[in-house]
Amino acid sequence: MKKTPIDKILIDPMSRFINKSTTGGVVLFLSAVVALILANSPFKDAYHHFWEHEFALRFDTFEVKNNLHHWVNDGLMAIFFFVVGLELKREMIAGELSRPKKAILPLMAALGGMVVPAAIYLIFNHDSNAVGGWGIPMATDIAFALGILYLLGDRVPVSLKVFLTALAIADDLGAVLVIALFYTSDIDTHSLVVGGIFLVLLLVANRLGVRSPLFYGIIGIGGLWMAFLFSGVHATIAGVLAAFTIPASSKVRDKKYVEKLRSLIDEYDSLEGRIKRLKTPQQQHVLEEVRVYSKAALTPLQRLEHSMHTMVSFIVMPIFALANAGVTFSGDFWHNITSNVSIGIILGLVVGKFIGVVGFTKLMTKLKIAALPSDLSWKHIYGVALLAGIGFTMSLFITELAFKTNAEEYILEAKMGIFAASMIGGTIGYFLLKSIKQKD
């Protein structure tokens, strides 16, 4: 393919940067650092005030108005959860969660990594007003955890990356269920029914063969998401439900696609050459058919996941980090970091995740329900269990849901605990995995 100057100078380097497996985690980390710096600089008041600016959507007498912070957490994060839903559906259809025998080990590891941290948090906070934060240490940040794992390159087996991916996706599913069941406000039945109607409409469209992303976007956002926004069930759940309605089948079977493509290539090869620099109408027609058949050979599910991954990694999650990671450390730093909320989260994410992931994995192998992949050792599982203690994005998100009214102190303590635990788990996990000899 001929490279233009702009390809060599800008597009190719940017593509290599964006497509690196570690880049998303690096950008997320830098966004969190920027937020922390701003929140503890002379511009801290301006930083906090910025997210309080109100933004409204209005049509005639109908109006939805919230501050920017709320729009980020309820609106922008719905896109993140939509992509999570796409990943979950793909994994359940054809990935690591599609076969019970292969799925049972990461699923049970994820379950242990949710139950034990929640229990540890409750030990410290069961008799306080902060009891609602039990869901915070249950979450694993898939971008950070996988980013650190991929930094190790060939030092870790591919099967370990697959195990952590499946564990983190199962963990995301658990977090979605926890949010839906336990972190919702008073339910507006009428709005929920309306949302249900839009969900049924999306499912019917799937069965009828509707494949247009625009259709699913309009009904999913303008209908399902908006109804959930008013229902009391957290609006981000609409993103997951909408994702599960996206078609996961192609219109052209692989064999038919290959035959058609060969036919079109032969036809293109037989046509006369270009008119100066332009294609002939006949060549244009063949190339358009190639494009149409190539599009039909892909599933809408995979096309959407692939196209939206960059936006989520480089727009949605960094903005979320900028809006939520800005903790202003006060003079009571040691008081906050040693509070029951913070200690419960730190021990939950670091110790609880480790005990839960390792313990449930060992239980499955001892009972011979599942077995470790042949190229993995228990040291690998120990390292992954520590990386699972990186709870950044989802933990921050649940913090905002758990502590809403008159709970600024709890929010501060929770965020400090999340940062500390993520640093501890990520650092120890990285060096433990790095120390493992490849022959292990």
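The values are calculated or read from the model by the stated rules, or taken from the named source; none is laboratory data. In this text, all values refer to a predicted model and were calculated from it rather than measured experimentally. Virtual Cβ from ideal backbone geometry, glycine too; neighbours counted across all protein chains shown. To get the accessible areas, we keep the full protein, side chains included, count just its heavy atoms, and leave off ligands, DNA and RNA. Shrake-Rupley method; radii C 1.70, N 1.55, O 1.52, S 1.80 Å.
A few remarks follow.
- Charge dipole (Cα centre; +1 on Lys/Arg Cβ, -1 on Asp/Glu Cβ; no other charges) of the chain amounts to roughly 2140 debye.
- With the whole protein complex present, HIS285 retains an accessible surface near 100 Å², based on a 1.4 Å probe.
- Accessible-area ranking of THR338, THR328, THR399, largest first, probe 1.4 Å: THR338, THR328, THR399
- Exposed chymotrypsin sites (Phe, Trp or Tyr not before Pro) absent: longest stretch of the chain, with sites in DSSP loops and at most 15 other Cβ within 10 Å deemed exposed: 44-328
- Listed residues SER307, ALA370, ALA168: farthest to the positive end of the dipole of the chain (Cβ charges): ALA370
- Accessible surface area normalised per residue over the chain is 52 Å², counting heavy atoms of protein chains with a 1.4 Å rolling probe.
- Mean-square fluctuations from a GNM of the chain, with a 10 angstrom spring cutoff on Cα atoms, peak among ALA242, ALA402, ALA371 at ALA371.
- Of the trypsin sites (Lys or Arg not before Pro) found in the range 238-317, the ones in coil according to DSSP and having at most 15 other Cβ atoms within 10 Å of their Cβ are ARG253, ARG274, LYS276, ARG277, LYS279.
- Share of carbon and sulfur in the accessible heavy-atom surface of the chain [1.4 Å probe, %]: 64
- Per-pair calculated FRET efficiency, R0 = 30 Å: ASN66 and ASP375 via Cβ, rounded to 0.05: 0.05
- Spin-label pair LYS279/PHE329, simplified geometry with 7 Å Cα→Cβ offset, distance in nm: 5.8
- Cα centroid separation, the range 325-372 to the range 289-309: 40 Å.
- Per-residue [θ]222 nm for the chain (sum of -39500 (n - 2.57) over DSSP H runs n ≥ 4, rounded to 500): -20500 deg cm²/dmol
- Across the chain, Cα pairs under 8 Å and at least six residues apart give a relative contact order of 28 percent.
- Rounded to 10°, Cα long-axis angle of helix 408-435 versus longest principal axis of the chain: 70
- Between 0 and 90°, nearest 10: helix 77-94 axis offset from the chain longest Cα axis: 70
- Taking GluC sites (Glu not before Pro) across the range 239-321, the ones in a DSSP loop with at most 11 further Cβ atoms lying within 10 angstrom of their Cβ are GLU272.
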